[in-house]
1. Using the number of other C-beta atoms within 10 angstrom as an exposure proxy, rank 654, 196 with the fewest first.
2. Assuming R0 = 22 Å, what is the FRET efficiency of residue 81 and residue 320, from their Cβ-Cβ distance, to the nearest 0.05?
3. In nm, to one decimal, how far is the residue 569 label point from the residue 181 one, both placed 7 Å along Cα→Cβ?
4. For every helix of n ≥ 4 consecutive DSSP H residues, a contribution of -39,500 (n - 2.57) applies; sum these over the chain, divide by its total residues, and give [θ] at 222 nm rounded to the nearest 500 deg cm²/dmol.
5. Let's test the formula: R0 of 60 Å, r as the Cβ-Cβ distance of residue 643 and residue 442. What FRET efficiency results, to the nearest 0.05?
6. What does the extension gain come out to for residue 864 and residue 936, with contour length at 0.36 nm per residue minus their alpha carbon separation?
7. Taking the Kirkwood radius as the inverse of the mean 1/r across Cα pairs, report the Rg/Rh of region 734-1043.
8. So how far, in whole Å, is the C-alpha centre of region 844-869 from the one of region 408-433?
Amino acid sequence: MILNKRLKLAYCVFLGCYGLSIHSSLAAYQDPGRLGVPDSWKTAEFNRQWGLKAISAEFAYARGYTGKGITIGIIDNAILSHSEFAGKLTRLDNGSYNFSYDKQDNMSFGDHGTHVAGIAAAKRDGAGMHGVAFDADIIGTKLNDYGNRNGREELIQSAARVINNSWGIAPDIRRDAKGDIIWLPNGRPDYVAFVKSEVIAEMMRSKSSVEWGSEQPVPTGGHSAMSTLLRAARHGKLIVFSAGNYNNYNIPEAQKSLPYAFPDVLNNYLIVTNLSDENQLSVSSTSCGQTASYCVSAPGSDIYSTVGRLESNTGGAVNREAYNKGELSVNPGYGNKSGTSMAAPHVTGVAAVLMQRFPYMSADQISAVIKTTATDLGVAGIDNLFGWGRVNLRDAINGPKMFITQEDIPQEYYVPGSYSEKQFVVNIPGLGNIVEPGTSVERRCTSSECDFDSWSNDISGHGGLTKTGAGTLALLGNNTYRGDTWVKQGVLAINGSVASNVYIENSGTLSGEGTVGAFRAVRGGSVAPGNGIGTLHVLHDAIFDRGSQYNVEVADNGRSDKIAARRAFLNGGSVNVSLERSQNLLSQNEAQSLLGNKYTILATTDGVNGRFENANPSYPFVKVALDYQGNDVGLGITRTDASFDSLASTENEKAVARAVETLNATEPVTETVKRSVAAPTAEALSALQGDEGKAQAATEDAGVVTGHPVYESFLGFTSARELQQATRQLSGQIHADMASAQINESRYLRDAATERLRQAEGRRIASDIKADDNGAWAKLLGNWGHASGNDNATGYQTSTYGVLLGLDSELFDDGRLGVMTGYTRTSLDGGYQSDAHSDNYHLGLYGDKRFGALALRAGGTYTWHRIDTSRSVNYGAQSDREKAKYNARTGQLFIESGYDWSSDAVNLEPFANLAYTHYRNEEINEQGGAAALRGDKQSQSATASTLGLRADTEWQTDSVAIALRGELGWQHQYGKLERKTQLMFKRTDAAFDVNSVPVSRDGAILKAGVDVSINKNAVLSLGYGGQLSSNHQDNSVNAGLTWRF
């Protein structure tokens, strides 16, 4: 029997290996290929192997699919080391090479497996050529490997998902009476033709032994090669097999007919014939024959790929003696070979590319994509020579073109028991989920296609589609397959057309804006037209059963999701309404309101039967009502009784929410807009179902109500958290924060004035004020502060830097009068990406009167502020940036008494201070979108007293004089502690008060400093000042070096 003959590799065309070239090393390769540009991939390396262009590989590469992450298995002779396989080849054989000897003991060397591996997956590195799946990895094992290692079983258990087999058993060659080979006119040997019935019968006789061998780790020898393939197929691998090189009048031998004995693995089996560069079956190639229903064609003639040869290191003979002496080495290179052995790895590479493209598909589904997208050659349809046709990656990356059942296979090529599944079950699992669990090809689905994928081919066939998994599949083609469509999990988006009936159940959702024949949503099933807002067309009946869901999205411009059907049967089901909020309303001055709009969500030509169970908005501020009129179901939206401030949690949030509520208080402007809803064209209906009559376009009136964008954005909130986040950002708290900061930081001016007076009175040994003998002085300011947020207001941080200058003089006995000026800049970082800056210009008058140890000090300052504010508003789809420039002024009066209580060791001064501060801002006018605010002129005041003790001392060493100073006080605030600003939305009178962090009733004043006189000319000073309370912490550090000339 043929199966008992020794398995031999089908080496190229008979005696056909030639054209060797040598590989040279290259620097790091910069690939010119670009996504979206197929021609950019056609480099010299690409063009060197003509098969790549023939199968349209460049279109897959331009989509980013190169076989990355996929492992290819190869059963052949040993694959040689080659730069094209660097970092990607794993060998599972016993490590021996492919030697043979002639009668003169000369050695020949087999590089068949190396050539095959290069066609499938050689690297794309700018050198020589590259494989179809150039980013895939390779695992190779020898067909005949008689060592202790079972490489074929290891391959079955490996991560390889597709296994190439370029080997077979040749039939006998006819000989003449002298025993010489008979040659045909085309130069081919005259092979004895296989007979289909005999081939299949031989396969059936081997069935039991092959199956027995497949149920355990496969042994070596005997029928183990067949058992290997059966076992691998049942482990989820795709088996690619060369048809043979026994002339195109011949058919494949028994090994290729394994699916006749085991039809359950036919979908995991692909036979490949050899095409010439003219798309003709090579004269050497076996035809598809009885394997036509699982056979394809691919380039296999004169294919350039990786090879190797034995060479003598000494220039001597290449024989056994030289090998034993270690004088031989393998020289890798490139060469041309022909045969189905070269065609098969093209298909293997295509499979690897598609396994990356469709990471959720099983091997049998990848096989279906390869077959149904093949370019038809020869006789129309599946034929004896080419099977399904030439593999075509350009079409294959767009999904299957047929859902195959028995009815789609010509009877003469049908394998009994095959193609028994009626449904193509596609599992789009969702990102990160496991596919094919518990198998050697189990993997985690991590690419974007695992979550969303689209097929754009037109799909035919007698089978149907079942969608499972949590992800989304979109069908873009004009699909005429005859089987049913089931949506059991996730989303099936019909953006082209599906002629069949669609059933939605469990957690499945039907969506899209294409056309279906009919649909029925049962318990757990949902229908959500559009991709966003859109219309789903139904040629016949739209049926909702109890427990189903109709998910409708509506927009404020009168648009809504819709089902346009011939008839509707409503046996219950819920209508769930959601609001489209993809547009940024805050960028508009005016928005069309949801409230008062009427939407048609179901339109029929022949009537609506029954009712939905209920309509459920998932929003606290809007309610919906269904309206059944004639052939349509309408939807109206009105406001609930819940007020916006009912979901607010703080006073600031409530104030903003109440203001937003009033934005809809005025009478809106109502416009009537005609909208046309297009039904499927008569041509489209005819193409799908024959003459179904003319479709009718329905025109409807939609009331469009004008509203305020901020108000409209609130209608879409689904939770209290969303409203609270929005009101905090809309509040404009930055303006109240800046007012509070200017009042708080006015203390720096009065502190400087009183410190200078004490310095002039001689009551302070050390000071960070630098003064000359004529009464001129200067003080550098560097302060930072923090206001801690509370349950109502967010906190903020401030920093103030600048310089104060002054001049004073004795004007009368025991009295002094001075004037001061200066410039400072205040920066404030608020919450929710808001900030402000203020340029401050100061002018002040101060003086004192001394009565012995008692000193009275007083003064007043006035500050002009130029304020810039900026704040972001971001919630949901809403975003805007509001900016303002305005002026403000701060005035203050202060008075202080201090008593000099000194001793030889230390100077002490208990003191009492009273200050009044008044802040007034000019009009605030933010520039921005609908969330921009304005504020009128307004003012606020603060009165504070401070009781405390100051102390300083000094001592002298041999080299330096050191002076220490300190101050400790208690500050008390009078009156209201709030710091608030009244604002309103621009172009409205919707006013509200926003509070900053309140000032603490009581706080501590803490100051400390040291001056070190290094010599009579140089003084080094360092000082700290702080105002500390529960809500505010202000700090300053001063350091300086004074040099007197």
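Laboratory data are not the source of any read-out in this text; all were calculated from the coordinates shown. Please read all numbers here as calculations on a predicted model, not as lab measurements. Cβ: placed from backbone, ideal geometry, glycine included. Neighbour counts: every protein chain shown.
1. Neighbour counts put them in this order, fewest first: 196, 654.
2. Calculated value: 0.50.
3. With each label point 7 Å from Cα toward Cβ, the separation is 7.0 nm.
4. Values: 19 runs with 165 residues, N = 1045.
After summing the helix terms and dividing by the residues of the chain, the value is -4500 deg cm²/dmol.
5. 0.65
6. Length difference between fully extended and current span is 24.1 nm.
7. Values: Rg = 21.1 Å, Rh = 20.7 Å.
Radius of gyration over Kirkwood radius for region 734-1043 works out to 1.02.
8. With region 844-869 and region 408-433 each reduced to a Cα centre, they are spaced 91 Å.
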